[in-house]
1. Here is a list: Ala289, Ala264, Ala257. Which entry is over 11 Å from the mean Cα position of the chain (by Cα), under 24 Å from Ile98 (Cα atoms) and outside any loop (DSSP other than H, G, I, E, B)?
2. Looking only at the stretch 167-222, filter to residues that are polar (S, T, N, Q) and either within 14 Å of ligand 1 (Cβ to nearest atom) or in a helix (DSSP H, G or I) (or both); which one of those is surrounded by the most Cβ atoms within 10 Å (Cβ to Cβ)?
3. Any idea which residue in the stretch 256-281 is farthest from ligand 1 (Cβ to nearest atom), counting only those that are under 25 Å from Asp205 (Cα atoms) and buried (at least 24 other Cβ atoms within 10 Å of the Cβ)?
4. Going by the structure shown, is Lys121 away from ligand 2 (no atom under 16 Å from the Cβ), within 30 Å of Ala182 (Cβ to Cβ) and among the charged types (D, E, K, R)?
5. Restricting the search to the stretch 232-255, which residues are touching a strand residue (DSSP E or B) at 6+ places or on another chain (Cβ under 7 Å), farther than 16 Å from Ile139 by Cα and surrounded by 21 or more Cβ atoms within 10 Å (Cβ to Cβ)?
6. Taking Ser138 as the residue in question, decide whether it is within 15 Å of ligand 2 (Cβ to nearest atom) and either modelled with pLDDT of 95 or more or on the phi > 0 side of the Ramachandran plot (or both).
7. How about the stretch 132-148: which of its residues are more than 13 Å from ligand 1 (Cβ to nearest atom) and touching a Ser or Thr at 6+ places or on another chain (Cβ under 9 Å)?
Amino acid sequence: MIFNFRKSPDSSHPSALAEQTPPAKAGWLARLGAGLKKSGIGLTEVLVGTRVDEALFERLEDALILSDAGVIATQELMAGLRSRARFEGIADAAELKIMLGQALLVRLKPLEKAFVPRRAKPLVVMMTGVNGAGKTTSIGKLAKHFQSQGLSVLLAAGDTFRAAAREQLAVWGERNGIAVIAQEGGDPSAVIFDAVGAARARAIDVMLADTAGRLPTQQHLMEELKKIRRVIGKAMADAPHEVLLVVDGTTGQNALAQVRAFDAAVGLTGLVVTKLDGSAKGGVLLAIAREHPVPIYFVGVGEAIDDLQPFVAKEFVDALLDLAP
Ligand SMILES: Nc1nc2c(ncn2[C@@H]2O[C@H](COP(=O)(O)OP(=O)(O)O)[C@@H](O)[C@H]2O)c(=O)[nH]1
Ligand SMILES: [Mg+2]
């Protein structure tokens, strides 16, 4: 099973998983592919033609823009592709597709980074993002992911705005035998501060802190997020060890604005990109790579518990272009 691969540090890198495709994995790759194919309507169908000519390049350029790759990233990619196709005398669309895949991989590979637990005890992970991005769901999935690696997990219900968010976490905790630190209403910093203390006292391996959704334009809420980060640092030096932004993969170019704003406010260490199963906007990862690169630790490809997987650039590109793995 794929989780066993992650036990030793060397084979823990996601690309170690890319070499083989166990059955469980084939399922979620198919979902990633099915979602991305919606953006691929352009990308794959454009490249079905026979001849490589200017019209094909133009259709490809449009398709990249429509998938939310962004104008600058698209233009750079196209310039490289055109000159390479000319230089190598590429006349066949299938060859061009392979070239495009290579070009995308070169750009997305730097975003691939393995999430390394066990570097601190507890490893304190703060989850941020706008409403509905998938923060709370991702915490549940990550809790399961870490538990299956033999790590103990504790959750902090730092979304004190919505009682439902607390309930949602409590259900998760109950189902998986994980303690959840929560308070009725109150200050999110205080809840998370307490949770760090509890995690230390209980010798927990990974502590995941939920936070309320907020928009980058809501200044006071962004200030609150900074405060949460500072207070975590008071509960444990070096913490938070990870500050993750959860972005909804279907929001397209707006995701880039979120990456910029949350990074400026709290210093992001990584991204979780959710809902790629429903996305026609997979190109936005290219825009992030070009404009404001932050490592992508995990991608979400569905609502079920195993639908959060380490980001592997090669898999993403193969799914985007419908290339056989
Ligand atoms: N299809 C799909 N839905 C997701 C994914 N991740 C989260 N969701 C759904 O998105 C909705 C909002 O998630 P939630 O975790 O409550 O968002 P939060 O406000 O950021 O905490 C829920 O209905 C989730 O089931 C994903 O990868 N794929
Ligand atoms: Mg939530």
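The values are calculated or read from the model by the stated rules, or taken from the named source; none is laboratory data. Everything numeric here is computed off the predicted structure, so don't read it as measured data. Cβ coordinates were reconstructed from backbone atoms using ideal geometry, including for glycine residues, and neighbour counts include every protein chain displayed.
1. Selected residue: Ala289, the only one of Ala289, Ala264, Ala257 that is over 11 Å from the mean Cα position of the chain (by Cα), under 24 Å from Ile98 (Cα atoms) and outside any loop (DSSP other than H, G, I, E, B).
2. Thr211
3. The residue in question is Leu271.
4. Judged against the criteria, Lys121 is a match.
5. Ile232, Ala239, Gly249, Ala255 - these are the residues of the stretch 232-255 that are touching a strand residue (DSSP E or B) at 6+ places or on another chain (Cβ under 7 Å), farther than 16 Å from Ile139 by Cα and surrounded by 21 or more Cβ atoms within 10 Å (Cβ to Cβ).
6. Yes: the conditions hold for Ser138.
7. Phe146
Condition check ((1) modelled with pLDDT of 95 or more; (2) buried (at least 20 other Cβ atoms within 10 Å of the Cβ)) across all residues:
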site	(1), (2)
Arg51	no, no
Leu60	no, yes
Ser67	no, yes
Val71	no, no
Gly89	no, no
Leu96	no, yes
Pro110	yes, no
Leu123	yes, yes
Thr128	yes, yes
